[in-house]
Structures are given as structure tokens and as C-alpha cells.
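Values in this text are rule-based calculations from the coordinates and carry no lab data. Predicted model only: the values in this text are computed from it and were never measured. Note: ideal-geometry Cβ built from the backbone for every residue, glycine included; neighbour counts use all protein chains shown.
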Ligand code: PMP
């Protein structure tokens, strides 16, 4: 038998199976009401639009190009559409400043690879998207807490990083309707974060996966838009914006993008050449056609449907949660984050819930870089209709009263 252990790179020891993925495998049973997967409702995918787009791309002279290798930067008409979309949210840019990635997950991996040496410090929110922690882990960072309004002086953050044998390399956050908390960093928090990044002289990775899914409240400009307003030139900006079509058109096609200063884009292109050459050509062509045809009306529909589910969940939580349970009130996205009474353990609760109440959710611990805060859970409202949400919260409330 091959002794795999002796040939594995050190970095592989930091790769753990994602709790969510392991969990999703258990959720096939039809009687489980699941608030676990942070995924779009498949009933809302624009399948007909994609069928037409793929059909067109594979018919006639375009078929050769659609099935051929293509450039690492991405399909130019798609990059042009994205540049227009970015302008509409306050970030005017050129197609050349856009790189297509295979989902925004790939951007997180590449940025970890680009920026982190072992023992460097990554500043991340507490909690943070566990897929980002998973992507960065391979590059063996130390994590420190990113709290834009926390008033921790930059010097103290930098000194702790040096004492740990590296330096602070970036700040990562999902700023809009975050995974997992659903919360949005307000404008003053974004300005404070830009000040902190200036003081530390580090990039900000702005993960905007849920940006288009606002249900109410006032839109907050992207961090990159605020920085652009300060500096007037994208190439002078330190914010790296990571966007995705996953939550609005289709996660299965794996199409995302990065907008950043030229030195970052150039290096990411080299990384993409080395890693996967380019994202699937056909998927990029179809995404461009579908985005051009229906993006606005489709996202408006998603906002209506998901917004109603968000409302249903907040109302059901108010009805059914016992004293001592607190939760966030997201203005968009897919998640509500619950803080349970001290000492309760989300993972234990999930085990009991699957057994007695048949309700699934994600225990919160895995979203904390230090594995703390076991008394938290994440609920996704994106895939359940209002009746299921009501029944699910009733069951969860019953369980919480019983423990
Ligand atoms: N960032 C966040 C905050 C996410 O929640 C997700 C998906 N769950 C991703 C990035 C990755 O999405 P994708 O690779 O499909 O764009």
C-alpha cells in the first residue's frame, strides 16, 4: 500500500471536508425541511433562456468558437457586458479590467495563491464565508479578526502579524448580505475599512456574490466604488472586486469575474493560464446572451420571490423562537444568522433536529476562523416556500424549547 501521508504537502493538512458539503449529502430524504444549503432555488433558474442561448451558440458559424479553447481573460462580449453592469453600480471600468473566473470561488483561490505566504495574516470577518476560509487555508495563513468599526489600531494588527512570522496581506469580507450572517456593512463601515487598508497598505477583497439581491433598504455603494470616488482611477485602487453570476443566473455554469487594478488582473490572468487555461467558452457565451437579454427583469423577479421568503422567515422566527435566541434582519441575500443561548452547540442541535424534527441548517462554528462561537447557526431561506418556512421555524422553536 502506498503511504500517502509521507508524500503529502504541508498545505494539504489544512484542507478539511466542508461541513456544508458533507451535510448536503444527507439531505436527500424527502421529509427533511432544509435551510442548510446556501443555494439558489433551482425552480427559478432561467433554463429556457439558457437553452435558446446554447442552441444559438452551437448552431452555425459560432459553434466552432463555442467549443474551442479561448483566451484566459474571458469572452470579450461578456467582459463588456460586465463592464456596463459595473458602471451601473458605481464602478465604471473597461472590459480589459475584467477577468472571467470559474465562479467567484476560483477568484478566492487565486487571490490566496497570489497574496499569501505561509504564516502571513489574512484579516477576515468573524464569521466569514467558510468557502473563503477553505480556499485561503491551502496557502497556510494565520487569521486575524477584521472588524471595520472595531477601532483596533492598524499598528496593533500589523505587530501581531509580524510576531506570528509574516505580514498582513489582505482584508476579506462579503460586504452585502454576507454569508453567513446576512448583514451588510454600512457606508461608514466601508469608509473605515478603506482607511484601515490604507493604514496597513493592504488590498481589500470585496466578495460581492450577493450584491444584486437587495430586497429593501437603501443600496450601499460597493467598497470599490467608494475607493474609486476617492482616487478617480481604478488602477490606483487597492480593492479587488469579486462578482458572480451564481446567485442570479446559474451556479452550475461556474461563471464569475474579478475587477481590479491592472497589476492584479495581469497576474490573475497568468494564474488562470497555468491553472485551467480559461473558463468554459460555451458557458461564457451563453451567460453573456442571457445576461444581455434578461438580467434586470430576472433579478427583479428573484428579489420579489426571495424577499417574500425573507419576510416569511423573519415573521416565523418572531412567532416561534423562544426567549434568548437572537437573529439578524438581512436586507437581501439568502441567510439569517441565529445566536442561541450561551453554551448551546449548533452541531448537537443539528443532530437532534435531524432526528426528531427533520429540519436542517448549518452549525455556525465552521464560519469562524478559530472555530469559536458554537452557539450559532445559519438558516438559508432561498430554497423553501413560505409554508415550509413557517413549519420549519415552528419545529425549530419546539426543539429549542425542549433542549
Ligand atoms: N462568496 C460567497 C460569499 C458565497 O456565498 C459563495 C457561494 N456560496 C461564493 C463566494 C462562491 O460562489 P461561486 O463560486 O459560485 O461564484
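With contacts taken as Cα pairs under 8 Å at a separation of at least 6 residues, the stretch 47-293 carries a relative contact order of 28 percent. Largest first, the three principal axis extents of the alpha carbons in the stretch 77-204 are 47, 32, 27 Å in whole numbers. For residue 155 and residue 94, the FRET efficiency from 1/(1 + (r/R0)^6), where r spans their Cβ atoms and R0 equals 56 Å, is about 0.90. With the convex hull drawn over the C-alpha atoms of the stretch 144-209, the volume per residue is 83 Å³.
Please sort 125-136, 325-336 by packing, taking for each peptide the average over its residues of neighbouring beta carbons within 10 angstrom, highest first.
Values: 125-136: 23.3, 325-336: 21.3.
Answer by packing, highest mean first, reads 125-136, 325-336.
Legend: P(r) of the chain from all alpha carbon pair distances, 10 Å bins from 0, whole percents, reading 5, 22, 31, 27, 14, 2, 0. Of all beta bridges that DSSP places with both ends in the stretch 47-293, some 35 percent have antiparallel geometry. Subtracting the Cα-Cα distance of residue 191 and residue 52 from their residue separation scaled by 0.36 nm leaves 45.7 nm. Calculated mean residue ellipticity, 222 nm, the chain: -13000 deg cm²/dmol, from DSSP H runs (n ≥ 4) at -39500 (n - 2.57) each, averaged per residue and rounded to 500.
Scattering from the C-alpha atoms of the stretch 278-403 alone, worked out with Debye: what is log10 I(q)/I(0) at q = 0.15, 0.16, 0.23 1/Å? Result of the Debye calculation: -0.75, -0.81, -1.32. R0 = 30 Å: FRET efficiency of residue 273 with residue 9, Cβ-based, nearest 0.05? Given R0 = 30 Å and the Cβ-Cβ separation, E is 0.85. Look at where the Cα atoms of the stretch 221-246 and of the stretch 291-326 average out, and the two centres are 27 Å apart. Once every Cα of the stretch 1-113 carries one equal point scatterer and solvent is ignored, give the base-10 log of I(q)/I(0) from the Debye formula at q = 0.20, 0.23 Å⁻¹, two decimals. So the normalised log intensities are -1.20, -1.29.
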